[in-house]
1. Rounded to two decimals, what is Rg over Rh for the stretch 5-187 when you use alpha-carbon atoms and the Kirkwood radius?
2. Step by step: find N for the stretch 1-87, compute 2.2 N^0.38 Å, then divide the Cα radius of gyration by it. What's the final number?
3. Ordered by residue, what ³J(HN,Hα) values in Hz, to whole numbers, does the stretch 72-85 give under the Karplus form 6.51 cos²θ - 1.76 cosθ + 1.60, where θ = phi - 60° and Gly and Pro are x?
4. Considering amide H positions built from the backbone, and no H for Pro or chain starts, which residues 5 or more places from TYR71, or on another chain, come under 5 Å of its amide H?
5. Find how much the distance from HIS32 to GLU172 grows on full extension, using 0.36 nm per residue of separation minus their present alpha carbon separation; answer in nm with one decimal.
6. Suppose R0 equals 22 Å; then what is the FRET efficiency for SER161 and ASP15 from their Cβ-Cβ distance, rounded to the nearest 0.05?
7. Calculate one ³J(HN,Hα) per residue across the stretch 122-136 by plugging θ = phi - 60° into the Karplus curve 6.51 cos²θ - 1.76 cosθ + 1.60, and present them in order as whole Hz with x for glycine and proline.
Amino acid sequence: MVIDFSRLQQTRIPDLAAVYGGARGRTMSSRHQSYAWRALQEAGVTTLIDLREKDHTDRLPALCEEHGIQYFHYPVDTSAEAIDSMVTLFPELCRCIDAGSFYIACAMGLHRTDIALCAYWLFHGADQGQEPPHIHGYRQEDGHRIDKIMRVLNAMYQAFSESNGTEPITQEEFRKRKNTIIQQTNNQL
């Protein structure tokens, strides 16, 4: 299912972009974003994917419940604990994205969101014929490099291999897909 992205564009949600039948943007936990919850509902968002490590206030899950939107917490970080969680929760992340009608965000809707979407594409979406995601946070023009994305992808590949006893994809295909992300990022400049 695809959301009504034109409805979301009528809001002032920072860093908003369409992706895989859903949308990415800044976190909806901010009080400054409270005006946009109705637009999320009207656009048909059914699942909100929160990429922050923790919401100590539990504000976002409560807001999702209040607005009839499923909340899914997929913490993205470079720590070993986070990588293990990312691997364990990865099938659910794929289910949420594949279903469409999602809103995915970290605090600013940029860096962790790029990492999560690249992981989705590299380990799942490419096999489904999806294009690699458009990078919004790790752009060279903004002084950022995609090294962190590559570190997380490498750590996830290792964790998938260790937990499953086999590589998730061949090393050759893994390198090829990482190069596609790098090349696609360079072409966006």
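Derivation of every value follows stated rules applied to the coordinates shown; laboratory data play no part. Because the structure is a prediction, the values reported are computed rather than measured. Every residue, glycine among them, receives a Cβ derived from its backbone with ideal geometry; neighbour counts consider all protein chains shown.
1. Here the Rg-to-Rh quotient is 0.96.
2. Ratio of Cα Rg to 2.2 N^0.38 Å: 1.11.
3. Values per residue, Gly and Pro as x: 10, 9, 10, x, 10, 6, 8, 5, 4, 4, 5, 4, 4, 5 Hz.
4. Placed amide hydrogens put LEU48 under 5 Å from TYR71.
5. Numbers: separation 140, 0.36 × 140 = 50.40 nm, distance 4.52 nm.
The span from HIS32 to GLU172 would gain 45.9 nm if fully extended.
6. With R0 = 22 Å, the Cβ-Cβ based efficiency is 0.10.
7. Computed from phi, the couplings for the stretch 122-136 are 5, 8, 8, x, 4, 5, 9, x, 6, 7, x, x, 6, 7, 10 Hz.
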